[in-house]
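Asker: Encoded as structure tokens, here's the structure I'll be asking about.
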Amino acid sequence: MEAFMEGYHVMKTHPQLQRTVPILYNSRYGMDTGGIGAAVDPSLSVAENIFAQYQHLELLSKGMAGMVHEKELAIAGQLLDMPLPDDPAQAVQAWYHSLQAQITKQLRAAGEDVPDLNAVCESHPLNAVEFLFPNYFLLPFFTSMSSYRIRPLGPESCLFEIWSLTQHPKGKEPAPVMNPTKLPYDSSDFPMIPRQDYSNIPLQQKGLHSQGFEFMRLAKSIEGLISNYQRLIDGYIKRLPAERLAKATHKLGGNFDGAIEDLGL
Ligand SMILES: [Fe+2]
């Protein structure tokens, strides 16, 4: 689970994502190839910046088999040549604003009960990943999302569910999925992004068991959720008062890529 509690690993585990919009990841995580700064590349033209954003959406859509649904990607594809401000940063912002407005409009016209995405971004801003203690993750994008639910089978293995969620026109919902598709962690049937994530985990697990491993140091401002989550579990194991645990649990909301927090435990 901890491998999914930060985006810090994206640059090495999912290099195809960083390659498409390096400046976006550098603006969030710093160093490697540019340092913390603007999220849009001023050295690229407006058209090049927009195309890079589109390619990034496409990689997320294909790489997760969802999250950005292909119907949303198709709408993004309609807007590649739209008129935009000359300043790349303003252009990218305006493009996303139009894209969200179009997704809202077109999917509503198709009968989907989707929210006004631009309004909801203001009223209920979300992180790229929202962790719900103790074992659930939502990765919201436009009107679709991925979700993970993880259940332990023992200290060395777990069931890791991935769902691709989306909206459907009223009355045209598909039948609920009743049987899971079970795959081994290294199955080539997983889409690319989880395949990349899972490939790391057995190696990390080995490292954690190695005799030379004394302690782990986390990036204090980006990997805080891992520490916060572990300390909250410790609080449950110690049977601390429910009120204190509830307060600490609330602090984990929005803590993805967040800092190590004093949980008052
Ligand atoms: Fe990942």
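What follows is calculated from the coordinates using simple rules that are stated; it is not laboratory data. All of these numbers come straight from a predicted model, not from anything done at the bench. Note that we place each Cβ from the backbone using ideal geometry, even for glycine, and neighbour counts take in every protein chain shown.
Asker: Where in the chain are the DSSP H helices whose alpha-carbon span along the long axis reaches 24 Å or more and whose Kyte-Doolittle mean is at least -1.0?
Answerer: Those that clear 24 Å and a mean of -1.0 are 46-64, 88-109, 192-209.
Asker: Go ahead and run the numbers for FRET between His250 and Glu122, Cβ-Cβ distance against an R0 of 30 Å, rounding to 0.05.
Answerer: So the FRET efficiency works out to roughly 0.85.
Asker: In segment 152-175, which residues have a backbone nitrogen under 13 Å from the label point lying 7 Å from Ile201's Cα in the Cα-to-Cβ direction?
Answerer: Within reach of a label on Ile201, which here means backbone N under 13 Å from a point 7 Å along Cα→Cβ, segment 152-175 contributes 152-163.
Asker: Then there is this: Each label point is 7 Å from the Cα along the Cα-to-Cβ direction; what then is the distance between the points at Gln230 and Lys12, in nm?
Answerer: 1.7
Asker: Hey, what D do you get for the chain in µm²/s if you plug the Kirkwood alpha-carbon radius into Stokes-Einstein at 37 °C and 0.692 mPa s?
Answerer: 160
Asker: Here's another thing I want to ask about it. Setting aside same-chain residues fewer than 8 positions from Lys251, which lysines have a Cα under 24 Å from its Cα?
Answerer: Lys220, Lys238
Asker: Provide Ile201, Ile222 in ascending order of the number of other Cβ atoms located within 10 Å of each residue's Cβ, fewest first.
Answerer: With the sparsest Cβ surroundings first, the list reads Ile201, Ile222.
Asker: With runs of 4+ DSSP H residues as the only contributors, calculate the mean residue ellipticity of the chain at 222 nm using -39,500 (n - 2.57) per run, divided by the residue total and rounded to the nearest 500.
Answerer: So the helix-based figure for the chain works out to -14000 deg cm²/dmol.
Asker: What FRET efficiency do you get for Leu183 and Arg19 if R0 is 30 Å and r is their Cβ-Cβ distance, rounded to the nearest 0.05?
Answerer: Efficiency for this residue pair is about 0.65.
Asker: Still on this structure: Go through 58-69, 174-185 and give me the packing order, highest mean Cβ count within 10 Å leading.
Answerer: 58-69, 174-185
Asker: Of Lys12/Lys182; Lys71/Lys172; Lys71/Lys182; Lys105/Lys170; Lys62/Lys170, which ones are farther than 18 Å apart at the Cα?
Answerer: Listed pairs above 18 Å: Lys12/Lys182; Lys71/Lys182; Lys62/Lys170.
Asker: Can you compute the FRET efficiency between Arg28 and Glu173 using 1/(1 + (r/R0)^6), with r the Cβ-Cβ distance and R0 = 45 Å? Round to the nearest 0.05.
Answerer: The calculated FRET efficiency here is 0.80.
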